[in-house]
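**Q** Below you'll find the structure I mean.
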Amino acid sequence: MLEIQGLRKTFAGFVAVNDVSLTIEARQIVAVIGPNGAGKSTFFNLITGHLRPDTGRVVLDGHDVTGLPPHRICRLGMGRSFQLTNIFPRLTVLQNVQAGLLAHRGRGRDFWSRSETMFRDDAEALLQSIGLAAVADVIAGTLAYGNQKQLELGIALASDPRVLLLDEPTAGMSAGETHETISLLQRIAEERGLTLLFTEHDMAVVFRIAQKIAVLYQGRKLAEGPPAEVRVNPEVRRVYLGEHA
Ligand SMILES: Nc1ncnc2c1ncn2[C@@H]1O[C@H](COP(=O)(O)OP(=O)(O)OP(=O)(O)O)[C@@H](O)[C@H]1O
Ligand SMILES: [Mg+2]
């Protein structure tokens with residue numbers, strides 16, 4: 001589903017992502033872990049088109065998407081969320097999801113409709129599925145932090161992605177919010193047959209849902225494999241897990 005070959009990115013001579021390759025099968029759930037500054041967000045930005053790689057290729061379901069702008073990659077089926085929450089804080093929860101649907105589908109023949117009515121049913125269904133239906137009319141910026149992150153997931157889902165990249169989906173959440181969000185992610189991935197690539201600092205979350213883990217360290221891929229294998233990899237323990245476990 002996603003074939004990443006030799007991605008490299010330098011910032012003024014500093015190598016942030018150093019020849020990283022990764023293959024992700026359809027419906028696989030893959031975690032990218034590594035200490036702060038390891039290059040995880042940069043790696044995601046290279047995949048989604050928010051940054052242009054110096055070298056390397058990104059192939060999404062047979063399409064070479066390397067160097068395409070983010071909206072084109074999104075149209076080909078790749079959605080994402082950001083490490084920092086990225087919602088419209090002054091719009092309602094429902095309007096946020098409607099905006100996502102509108103951005104993806106366009107107005108089509110529905111040119112004369114008022115924006116409030118556009119995709120209302122689909123937006124409500126989406127909110128239902130992510131557990132935010134009860135707060136549909138709440139101004140998004142006033143939601144609890146965990147719910148804002150869930151809304152961001154809803155906006156990403158509005159583009160009907162097949163592959164979803166989530167940069168620290170539970171960052172800053174309480175233990176309860178984290179648990180809820182992970183269960184939600186698992187259910188949505190299952191229901192929609194999604195392929196998931198996510199970064200995460202919470203090892204409990206990583207080992208709970210990842211089927212494969214790639215470890216980045218100083219821009220390089222240090223290890224890759226099933227969780228049980230990565231967990232006992234001596235190099236990984238030394239540079240990363242040792243700090244936490
Ligand atoms: N636009 C940029 N210009 C210069 N350096 C950058 C830029 N973006 C990232 N970097 C540097 O590249 C390295 C990797 O950063 P990145 O944000 O990808 O790490 P990360 O693994 O996501 O870290 P964190 O766990 O803290 O989110 C860091 O040293 C960072 O300072
Ligand atoms: Mg990051």
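**Q** Can you give the charge dipole size of the chain about its Cα centre, rounded to the nearest 20 debye, using +1 on the beta carbon of Lys and Arg and -1 on the beta carbon of Asp and Glu? Mind showing how you got there, number by number?
**A** Details: 26 positive and 26 negative charges, 111 e Å.
The dipole magnitude comes to about 540 debye.
**Q** Report the relative contact order of the chain, percent, no decimals, based on alpha-carbon pairs under 8 angstrom and at least 6 residues apart.
**A** Working: 452 pairs, mean separation 66.1, N = 245.
It comes to 27 percent, rounded to a whole number.
**Q** Kindly provide the helix-only [θ] at 222 nm of the chain, computed as the sum of -39,500 (n - 2.57) over DSSP H runs of four or more divided by all residues, to the nearest 500 deg cm²/dmol? Spell out each step's value before the answer.
**A** Working: 8 runs with 82 residues, N = 245.
That calculation yields -10000 deg cm²/dmol at 222 nm.
**Q** For THR66, what accessible area in Å² do you get when you roll a 1.4 Å probe over the heavy atoms of the protein chains, rounding to the nearest 10?
**A** About 50 Å², rounded to the nearest 10.
**Q** Could you list the trypsin sites (Lys or Arg not before Pro) in segment 5-34 that lie in coil according to DSSP, counting only those with at most 16 other Cβ atoms within 10 Å of their Cβ? Don't jump to the answer; show the numbers that get you there.
**A** Values: sites: ARG8, LYS9, ARG27; in loops: ARG27.
For trypsin sites (Lys or Arg not before Pro) across segment 5-34 that sit outside H, G, I, E and B with at most 16 neighbouring Cβ atoms in 10 Å, the list reads ARG27.
**Q** What's the FRET efficiency of ARG237 with ASP160 using the Cβ-Cβ distance as r and R₀ = 51 Å, to the nearest 0.05?
**A** Values: r = 40 Å, r/R0 = 0.78.
Step by step, r from the Cβ atoms, then E = 0.80.
**Q** In whole percent, how big is the carbon plus sulfur part of the accessible area of the chain, probe 1.4 Å, protein atoms only? All intermediate terms of the calculation are to be shown ahead of the outcome.
**A** Details: 5880 of 11560 Å².
Within the chain, the accessible surface is 51 percent carbon and sulfur.
**Q** Moving on. Which order do you get for THR199, THR55, THR85 if you rank them by accessible area with a 1.4 Å probe, largest at the top?
**A** Numbers: THR199 0, THR55 70, THR85 45 Å².
Most to least solvent-accessible, the answer reads THR55, THR85, THR199.
**Q** Between ALA125 and ARG72, what FRET efficiency comes out of the Förster formula 1/(1 + (r/R0)^6) with R0 = 30 Å and r the beta carbon distance, rounded to 0.05? List each step's numbers first, then the result.
**A** On the way: r = 27 Å, r/R0 = 0.89.
Working from the Cβ atoms, E equals 0.65.
**Q** Within the chain, what is the number of lysine pairs with alpha carbons under 17 Å apart, leaving out pairs fewer than eight places apart on the same chain? Walk me through the numbers on the way to the answer.
**A** Numbers: LYS9/LYS40; LYS9/LYS221; LYS40/LYS212; LYS40/LYS221; LYS212/LYS221.
Lysine pairs meeting the criterion: 5.
The values are calculated or read from the model by the stated rules, or taken from the named source; none is laboratory data. Source: prediction; values computed, not measured. Virtual Cβ from ideal backbone geometry, glycine too; neighbours counted across all protein chains shown. The protein model used for the area step is the full one, side chains on, heavy atoms only, and it has no ligands, DNA or RNA in it. Shrake-Rupley method; radii C 1.70, N 1.55, O 1.52, S 1.80 Å.
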